[in-house]
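Working notes for the structure below.
Each reported figure results from applying straightforward, stated rules to the coordinates on display, with no laboratory input. Everything numeric in this text was worked out from a predicted model, so none of it was measured. Backbone-built Cβ (ideal geometry, glycine too); neighbour counts: all protein chains shown.
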Amino acid sequence: MTSNLLKGFGSRILCQQNQSIKVGQHQLVRRVTTVPNPPRLFEYSIIKQNLKPSLQIIDAVEKAFGMLAKGKVDVPIPMHIGIHESEVAGPGDCHIKGGYVEETKTWTVKLANVSFYKNIEKGLSPGSGIFIVCDATNGFPLAVFQENRLMTDLRTGAAGALAVKYFASPEHKRVAFIGTGVIATAMAQATAQLHQFSEGYAYGLNEEQANSFAQSLSKDLKYPVKVCKTPEEACANADVIFTQTPASAQVLQLAWLKKHATIIASGSDQPTKNEIPADVMAKSKFITDLTRQCARVGELRTAIKEGTMKESDVFAELGEVINGTKPGREGKELIVVDLTGTGAQDAAIGQVAWEVLSKL
């Protein structure tokens, strides 16, 4: 009789409550359990409609970087899966990142699929992805965000905006974009929340895309953007340079740069990529989002490989400057900010997305 009463209790537990039951001379305790609700699914169209570049996102990412520098973010090195081209697959790449910022209510794991360039001829995006946001009190998934890189772009743009905040001068009014895709747009839109440029220069391999980017930016952000024939023309005119290409070849040269230029490089996130020459990095005040990650997959990796830099040559991580333990810009110095994208940023945008969309 006892086994019949207890049969079936203690299976999948969301919340657990003990109840006392008297069976004959025995006082038994059984577990009353509830099957967890499935995570909410937020489709891309809903995310796009409700999440825009904002100070809320920038503030969350800024806090996450600060906590990261204090050692208060659990963020593993990203997992990378290469999908090699064959008759049945690829080419493409998958990145899995995630993290938990201490004292926040959620933690996040992100799966990003990128560089599926054959999708373009099929009328599909070359990138896609999902965020899984979990309840930090019990571990259950709260939501799956079918973000298709949108949330990634927003948190990447926020990091770029913070790089401008701490490493550009208020007098720096001319900006260049090397690469004119969605990341360039994200950088420009996020930075506009904190810093107003007066002139823009754009260079991209796809002339039609570069023209569309320039026209859209000029309209939305109210400053003229000129499409340049060469990357040298764009760099030579700029105080701040955003690079965001999938290039394995370098996209600028030291001789093209103003002495006070701030280069914000976000293209390199795996060992096959490299946008910035090693001599530019060695001459600069060099900043990373996460040094141990940049040494493996960022621009820093190339400088280390070529022997022009060591990890100890990194001036600071972004979070150290945010926390005030290291200075930002100190004069007319060349600065390179190596942004590889961290799980701390994913945790931050995941928390914001849940706060905003869970109310719908």
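What is the log10 of I(q)/I(0) for segment 158-341, computed with the Debye formula using one identical point scatterer on each Cα and no solvent, at q = 0.10 Å⁻¹? The computed values of log10 I(q)/I(0) come out as -0.33. Straight-line cross-link reach from residue 110 at under 16 Å between alpha-carbon atoms covers these lysines, not counting any fewer than eight positions away in the same chain: 97.
Hey, which of these cross-link pairs are over 29 Å Cα-Cα: 52/219; 165/359; 226/259? Walk me through the numbers on the way to the answer.
Numbers: 52/219 17 Å; 165/359 31 Å; 226/259 22 Å.
In this structure, 165/359 exceed 29 Å between Cα atoms.
In terms of overall dimensions, the C-alpha atoms belonging to the chain reach 90, 49, 40 Å along their principal axes, ordered largest to smallest. Sorting 293-299, 171-177 by their mean Cβ neighbour count within 10 Å, with the most densely packed peptide first, gives 293-299, 171-177.
Here the spin labels are modelled as points 7 Å beyond Cα on the Cα-Cβ line, and at residue 255 and residue 169 they lie 2.6 nm apart.
Computed extension gain for residue 233 through residue 46, at 0.36 nm per residue and net of the alpha carbon distance, reaches 63.4 nm.
If the only charges are +1 at each Lys and Arg Cβ and -1 at each Asp and Glu Cβ, what is the size of the charge dipole of the chain around the Cα centre, to the nearest 20 debye? Intermediate results must be reported in sequence, preceding the final value.
Working: 39 positive and 36 negative charges, 239 e Å.
So the dipole magnitude of the chain works out to roughly 1140 debye.
Taking every eigenvalue of the Cα gyration tensor of segment 310-354, multiplying by 5 and rooting it, what semi-axes result, largest first, whole Å? Numbers along the way, then the final one.
On the way: eigenvalues 130, 33, 21 Å².
For segment 310-354, the ellipsoid semi-axes come out as 25, 13, 10 Å.
With both labels modelled 7 Å from their Cα along Cα-to-Cβ, the residue 305 to residue 117 distance reads 1.8 nm. Pairwise inverse Cα distances across segment 265-309, averaged and inverted, put the Kirkwood hydrodynamic radius at 10.2 Å.
Farthest toward the dipole's positive end in the chain, which of 212, 277, 91, given Cβ charges of +1 (Lys, Arg) and -1 (Asp, Glu) about the Cα centre? The residue sitting farthest along the positive end of the dipole is 91.
Neighbouring Cβ atoms within 10 Å as the yardstick, rank 254, 142, 154, 41 fewest first.
On the way: 254 16, 142 19, 154 26, 41 11.
In increasing order of surrounding Cβ atoms, one gets 41, 254, 142, 154.
Taking max minus min of the alpha-carbon positions on each principal axis, segment 108-242 gives extents of 51, 39, 23 Å, largest first.
Membrane-span-like helices in the chain, defined here as complete DSSP H runs extending at least 18 Å along the helix axis by their C-alpha atoms with mean Kyte-Doolittle hydropathy no lower than 0.5, are 55-69, 150-167, 343-357; this is a sequence and geometry rule, not a statement about a membrane.
Neighbours of residue 63 by Cβ distance under 13 Å: Lys/Arg scored +1, Asp/Glu scored -1, total -1.
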